[in-house]
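The values are calculated or read from the model by the stated rules, or taken from the named source; none is laboratory data. These numbers come from a predicted model, not from an experiment. Cβ atoms come from the backbone with ideal geometry, glycine included; neighbour counts cover every protein chain shown. Only protein heavy atoms, including side chains, enter the accessible area calculation; ligands, DNA and RNA are left aside. Shrake-Rupley method; radii C 1.70, N 1.55, O 1.52, S 1.80 Å.
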Amino acid sequence: MVKSTERKIVSLEEECNEMINRTEGIDNRITKMKFAVEVLGEAEKLIDAMSTMMSDSDCEKLDFAMDGLNNILAKLYDNFSKEERKSLNFESTLVPSIVQPVIEAVISSLNPLAIELTWMDHLAIGMDKLCIAVGSDSEAYSLREMIFTDIIVPWISTAMNSSKWDPVVNVEVGLKTHEALLTCVDKSFLGAEVEENKLLKHVIHLEIIQNCVQPKLQRAVSYWKPTLDENNVVSNPMHLWILPWLPHFRNESARRTMFADIRRSLKKTLSFISKHEPDDVAFFRSCNVTLRAWQKLFEESNIYSLTSESVTPRFARCLARVPIEFSHEKQSWVQINTLFDYFDTGLMSADDFLSLFEGEILASWAYTLHCATLEENKPNLLTGIAKFYSVWKERVFGQLSKCTKSHLALRGDLMVCRHFFGGLEMIRALVESDKARLDRLMPPNPNDCNYRIALMHRSKAKKPVEAQPNVVSSHSQRKTQGNVNVASFAEVVADFARHHDISFYPKVGSNATKDGKKVFMFGNHPVYFDKNVLFTLRGEAWQPISLEHLAQAC
């Protein structure tokens, strides 16, 4: 009985001690909760104090708010253990309820696109102090992430998504704001690991770049229209507002889509300049400036294709009008030098460059030289011809000490060298008074030559020659030789149609041939070829037509 009573007494004592401990714990918790409420009251007082600040400096207001938050958080984290902070949901509830209203009160009247860039530096310094005040790195990372992802980033993205920010006009403002934000991340917690900063920057990239900047730029490219200034130069070129953002783009699919739109806009730009710039040389220089900005981003073939479609045909027309003067003092080199400069910048393919020079310049040069050799009783004829030849040779092939890309291409080209060798043979025949040889050396009329024919022959020469049977009939040989040029010219026309998105296919059924020659459909126009000349049906008559005019008719 005594022992049972003693056990009850011990049990009651333990229960009393437990009740006392629980009471003390509850009292302690009540005290701390009262303290937390007091701290929340301090946050409200801080917001009220900020509203009455007389300072006009946004940075000073931010510093005042961050210092106040630092004091508040230091008190909280000093008075609550890690376990208590976890039980009270510090990271998810209490701390955000203190920090968020204070920082939102600071930024509520600010436009992130109009603030001084040093404001971000002050924010970073203040956040670093807050991260130090919370004690552990994990809690510091959570605090920093909350401030950026829940407050600062939405504030900036909302401004950039609004009409306040035009990506074409205000590119520098948006770019500097974004870059200042990234710098702020690096400085916001100096004790942070590199990987933690990368994770936070990835969130910023998704929200600012991928969800805001890229879609806006994509729309701007789609709606963009070129305009010209008083000098007929594009006044709002795309590269000024797109290129600065490209280092920040990581989504390859979005980049490819944008590049496709940019390519279409570049083609539209070149066409626009061509329509509004009557001066050929000014047009070529403007095209040079337009394409050169994109040279390192697009593949070489894309730049060559843009030039081939929009610039080369006008070069051909321009060079065809350049008179080849026998007197070098009268010769104009402006258009030829412009062609050299354009090719030297790497915007034109070697085939286009050499075909232009061969078909539009060298043909006329050889014809002019041959005509000069036929002039009789002209004083100092041989001296004049030698001067004519040497001046052109130096212009075309350059000097060893001043050799450009153009000179090297011309030096290494077989057809160009053949023309100049033919010129030497003309001079030799003149010296030897060999009129028969001069007649044999007579070049074709320049009107029968152009860059498209030269390009066709070059394309044909590059194709591998198929092995032929050793024994063929003379009739088969003549038939093959007679159809080679037609097939090659058809390939040139087919390539031209592809570049201009025009259908090109052989016609079937009735009227599929014209005088034994196959008829093709170029768009909705029937055409056939005869000795490198393109014919189309106009009314009831077949008439010759250029590719450019045929494309315009489609």
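On a 0 to 90 degree scale, rounded to 10, what angle separates helix 414-431 from the longest Cα axis of the chain? Result, in degrees: 30.
Distance between the pseudo-spin-label points of ILE47 and GLU104 (7 Å out from Cα toward the beta carbon): 0.8 nm.
Measuring from a point 7 Å past the Cα of SER301 along Cα-to-C-beta, which residues in the stretch 261-292 have an amide N at less than 20 Å? Output list for this probe position: 261-267.
Can you give the angle from 0 to 90° between the axis of helix 334-344 and the longest principal axis of the chain, with both taken from C-alpha atoms, to the nearest 10? Approximately 50 degrees, to the nearest ten. What's the longest uninterrupted piece of the chain once you rule out the trypsin sites (Lys or Arg not before Pro) that are loop residues per DSSP with at most 10 other Cβ within 10 Å? So the longest stretch without any such site is 1-295.
Using the alpha-carbon atoms, what tilt in degrees (0 to 90, nearest 10) does helix 58-79 show relative to the longest principal axis of the chain? Tilt of helix 58-79: around 50 degrees. Per-residue extension of 0.36 nm, minus the Cα-Cα distance of ASP344 and CYS16, leaves a gain of 108.4 nm for this segment.
Accessible surface area normalised per residue over the chain is 55 Å², counting heavy atoms of protein chains with a 1.4 Å rolling probe. A Förster radius of 51 Å combined with the Cβ-Cβ distance from VAL334 to GLU179 puts the calculated FRET efficiency at roughly 0.70. Compared with the direct C-alpha span, the chain from MET146 to GLU425 gains 92.0 nm at full extension, assuming 0.36 nm per residue. A straight Cα-to-Cα reach below 17 Å connects LYS129 with the lysines LYS61, LYS75, LYS187, residues fewer than 8 places away in its own chain not being considered. In plain terms, the bigger the Kirkwood radius, the slower the diffusion; for the chain, with that radius from Cα pairs, at 37 °C and 0.692 mPa s, Stokes-Einstein puts D at 105 µm²/s.
The helix-only estimate of mean residue ellipticity at 222 nm for the chain, built from DSSP H runs of length n ≥ 4 each weighted as -39500 (n - 2.57), is -20500 deg cm²/dmol after division by the residue total.
With the simple spin-label model, which puts each label point 7 Å out from Cα in the Cβ direction, the LEU228 to VAL508 separation comes to 4.7 nm. Length available on full extension from VAL168 to CYS371: 0.36 nm per residue minus the Cα-Cα distance, which gives 67.4 nm. Per-residue 3J(HN,Hα) values for the stretch 115-125, derived from phi via the Karplus relation 6.51 cos²θ - 1.76 cosθ + 1.60 with θ = phi - 60°, read 6, 5, 5, 5, 4, 5, 5, 5, 4, 4, 4 Hz in sequence order (x marks Gly and Pro). Computed from the Cβ-Cβ distance with R0 of 60 Å, the FRET efficiency linking GLN543 to GLU394 stands at 0.85. Between the stretch 98-151 and the stretch 281-309, the C-alpha centres lie 46 angstrom from each other. With a Förster radius of 45 Å, plug the Cβ-Cβ distance of GLN218 and CYS403 into 1/(1 + (r/R0)^6) and report the FRET value to the nearest 0.05. Efficiency, rounded to the nearest 0.05: 0.55. So, with a 1.4 angstrom probe, what is the percent of accessible area on the chain that is carbon and sulfur? With neighbouring chains kept in place, the figure for the chain is 53 percent. Applying both filters, DSSP loop and at most 16 other Cβ atoms within 10 Å, to the GluC sites (Glu not before Pro) of the stretch 56-125 gives GLU116.
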